[in-house]
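Single-structure report; data block below.
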Amino acid sequence: YNLFKMKLSAVTAALVAGSAAAFTAPANSNKATTSLHETKADLQELGKKLNPIVGYWDPLGLTDAAFWGKSEEGTIGWLRQSEIKHGRVAMA
């Protein structure tokens, strides 16, 4: 019975130590940077780079708008965030 209890304690300790390591950050985490294209010129450049045939396409002219009195960059940022949010909702 003692041998069984010792083995069970050893297995439990190993499982707890292994699962606790899953909640810690990696020691050498290299942070990735994300470049956001927030101006119309950046979006036009990105459009030509990603799809040279179509290029930049904004049929509604939303990048020229100023939603809620924000600047062009603010409107583009809001549209980007909204697209991500609604895409996630649609996938749920």
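The values are calculated or read from the model by the stated rules, or taken from the named source; none is laboratory data. Model, not experiment: these values are computed from the prediction. As a convention, Cβ positions derive from the backbone with ideal geometry for all residues, glycine included, and neighbour counts pool all protein chains shown. Quick note on the areas: whole protein, heavy atoms, side chains included, nothing else; ligands and nucleic acids left out. Shrake-Rupley method; radii C 1.70, N 1.55, O 1.52, S 1.80 Å.
Residues that are open to solvent by less than 90 Å² (accessible area, probe 1.4 Å) and hydroxyl-bearing (S, T, Y) were ranked within region 25-55; the one that is modelled with the highest pLDDT is T39. Selection over region 56-88 of residues that are part of a helix (DSSP H, G or I), small (G, A, S) and either under 16 Å from A41 (Cα atoms) or open to solvent by 60 Å² or more (accessible area, probe 1.4 Å) (or both) gives a count of 3. Among the residues of region 46-70, those identified as among the small types (G, A, S) and farther than 16 Å from S82 by Cα are G47, G55, G61, G69. Residue selection: A14 satisfies the criterion of being modelled with pLDDT under 75, surrounded by 10 or more Cβ atoms within 10 Å (Cβ to Cβ) and small (G, A, S).
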